[in-house]
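First up is the structure itself, then whatever we jot down about it.
The values are calculated or read from the model by the stated rules, or taken from the named source; none is laboratory data. Here the structure is a predicted model, which is why all the values come from computation and not from measurement. Neighbour counts run over all protein chains shown; Cβ positions are idealised from the backbone, glycine included. When the accessible area is computed, the model is the full protein with side chains, heavy atoms only, and any ligands, DNA or RNA have been set aside. Shrake-Rupley method; radii C 1.70, N 1.55, O 1.52, S 1.80 Å.
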Amino acid sequence: MTATAPTAPVPPPAAAGTAGKTRPVTVRRRWTEHGLLFTGPFLLLYALFLVWPLLLGLKMSLGDDNIAGTGGDFVGLDNYAEALRDPAVWSSLWHTVWFTLLSTAPLVLTGLVMALLAHHLRVLQWLWRLSWFAPFLLPSGVVGLLWLWMIYPSDFGLADLLLKSAGLNPGIGWLTDTRYAMLSIVLTTVWWTVGFNFLLYLAALQAIPRHLYEAAELDGAGAWQRLRHITLPMLARTTGVVVVLQLLASLKVFDQIYIMTSGGPDESTRPILQYVYDAGFTGYRIGYASAVSYVFFALIVIVSLIHLRMTRRSREEAAK
């Protein structure tokens, strides 16, 4: 009689399927645990310094809080209704929009031109890059005082000296005339912040494949044709990023205006953020200032959504 070797029991199909899924689930759980471990400190600081101030500011905007710590009674939407009726709010908001319209195009175009020059220059290229980006590293206080005391003073400022050397009348109130005050601040802002846009464009130019230009040269394309049909289309995404960042930065203008003109002359340059500052820290109405700031925040969100929708639609049309 021949003995038969015992056979190992075969696990049921359900058990085999469960065993096959155990490892991916375990690995996924481990990644989740480690991800929370590493992102936990950031989420805590984000909630502490951004989410909580936003919620606290919203609560304050619904009351009559003041900087002295008294008051604090709930007034509902009265602050918002007052802000929408306040002509000073709309005046300062228009100054902010006007500054944004005046500064965005020069900052984008100047940054692009500077990047093109720095990218094609072969002599002391590092010096050009450093000199054009260096002003962006200066604090706003240094920039404001520099232009206030060295560039724009009447008779002995650099701006008037340049006008005299050109045979023009130097008697211009750069910061004291309502016709020139905002333009003077825009000029200062362009000199100060264009280095950031220049850096973004320069990085994008260096990422364009060289063989595209070589193929265009072999086909007989000139410098202008290469710029129009290769460089500018390849920089389209960077231009979109630069425009959005510049719009947001210009809408938040405060420092240089407060230092150079304090919103004058005749409040012709006062932006919305300075009005919020004046209402909260000069008028001692923290609740009302919070309501004004949230009105401004809502307008920025609306503009951002409109821009996002227009950008998405243009991309969809380009993809067709």
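Would you calculate the separation in nanometres between label points at GLN125 and LEU248, each defined as 7 Å from the Cα along the Cα-to-beta-carbon direction?
Taking the simple label geometry, GLN125 and LEU248 are separated by 3.1 nm.
Between PHE136 and VAL113, 0.36 nm times their residue separation minus their Cα-Cα distance comes to what?
Values: separation 23, 0.36 × 23 = 8.28 nm, distance 1.68 nm.
Extra length from PHE136 to VAL113 when fully extended: 6.6 nm.
Would you mind calculating the gained length between ASP73 and ALA207 on full extension (0.36 nm times residue separation, minus the Cα-Cα distance), in nm to one decimal?
Values: separation 134, 0.36 × 134 = 48.24 nm, distance 5.74 nm.
My answer for the length gained is 42.5 nm.
For the chain, with every protein chain kept in place, what is the accessible area per residue (1.4 Å probe, Å²)?
Details: 20690 Å² over 320 residues.
Using a 1.4 Å probe on heavy atoms only, each residue of the chain averages 65 Å².
What whole-number distance in Å separates the alpha-carbon centres of region 296-316 and region 74-137?
18 Å
Tell me the relative contact order for the chain as a rounded percent, counting alpha carbon contacts under 8 Å between residues six or more apart.
27 percent
Step through the residues of region 155-165 one at a time and calculate ³J(HN,Hα) from phi using the Karplus curve (6.51 cos²θ - 1.76 cosθ + 1.60, θ = phi - 60°), rounding each to whole Hz and writing x for Gly and Pro.
Result, rounded to whole Hz: 6, 10, x, 4, 4, 5, 5, 5, 5, 4, 5.
Highest GNM mean-square fluctuation, the chain, Cα pairs closer than 10 Å: which of LEU37, LEU162, LEU148?
Highest fluctuation among the options: LEU37.
³J(HN,Hα) across region 132-144 via Karplus (A = 6.51, B = -1.76, C = 1.60, θ = phi - 60°), whole Hz, x for Gly/Pro?
Values per residue, Gly and Pro as x: 7, 8, 4, x, 5, 7, 6, x, 4, x, 5, 5, x Hz.
Given H placed on each backbone N at 1.01 Å, which residues far from GLY63 in sequence or on other chains put an amide H within less than 5 Å of it?
Amide H neighbours of GLY63, under 5 Å, 5+ apart: VAL75.
Tell me the angle of helix 181-206 to the major Cα principal axis of the chain, expressed in degrees between 0 and 90 and rounded to the nearest ten.
Rounded to the nearest ten degrees, it is 30.
What is the helix-to-structure angle for 236-251, meaning the angle in degrees between its Cα long axis and the longest Cα principal axis of the chain, kept from 0 to 90 and rounded to the nearest 10?
The angle comes out near 60 degrees.
Ignoring everything except DSSP H segments at least 4 long, calculate the 222 nm mean residue ellipticity for the chain; use -39,500 (n - 2.57) per segment, divide by total residues, nearest 500.
Rounded to the nearest 500, the figure is -21500 deg cm²/dmol.
If packing is taken as the average count of other Cβ atoms within 10 Å, what order do 74-82, 104-112, 193-201 fall into, highest mean first? Please list the in-between numbers first.
Values: 74-82: 15.0, 104-112: 18.6, 193-201: 21.9.
Going by the mean number of other Cβ atoms within 10 Å, highest first, we get 193-201, 104-112, 74-82.
Please give the Cα centre distance for region 253-293 versus region 159-183, rounded to the nearest Å.
Region 253-293 and region 159-183 have Cα centres separated by 26 Å.
At 1.4 Å probe size, with the rest of the protein present, what percent of the exposed accessible area of the chain is carbon and sulfur atoms?
Carbon and sulfur together cover 70 percent of it.
Most fluctuating residue of LYS252, LYS59, LYS164 in a GNM of the chain with Cα springs under 10 Å: which is it?
Looking only at LYS252, LYS59, LYS164, the largest GNM fluctuation is found for LYS164.
Quick check: net charge around TYR180, other residues with Cβ under 14 Å of its Cβ, Lys/Arg +1 and Asp/Glu -1? Each step should come with its number before you reach the end.
Details: positive: ARG179; negative: ASP160, ASP177, ASP266.
Once positives and negatives cancel, what remains is -2.
Describe numerically, in nm with one decimal, the distance between label points set 7 Å from Cα along Cα→Cβ at VAL241 and at THR39.
Calculated label separation equals 2.2 nm.
If I model a spin label as a point 7 Å beyond the Cα along the Cα-Cβ vector, how far apart are those points for GLU214 and LEU50 in nm?
Taking the simple label geometry, GLU214 and LEU50 are separated by 4.4 nm.
Could you compute how much accessible surface LEU50 exposes when probed at 1.4 Å, giving the result in Å² to the nearest 10?
LEU50 has an accessible surface of roughly 70 Å² with all protein chains in place.
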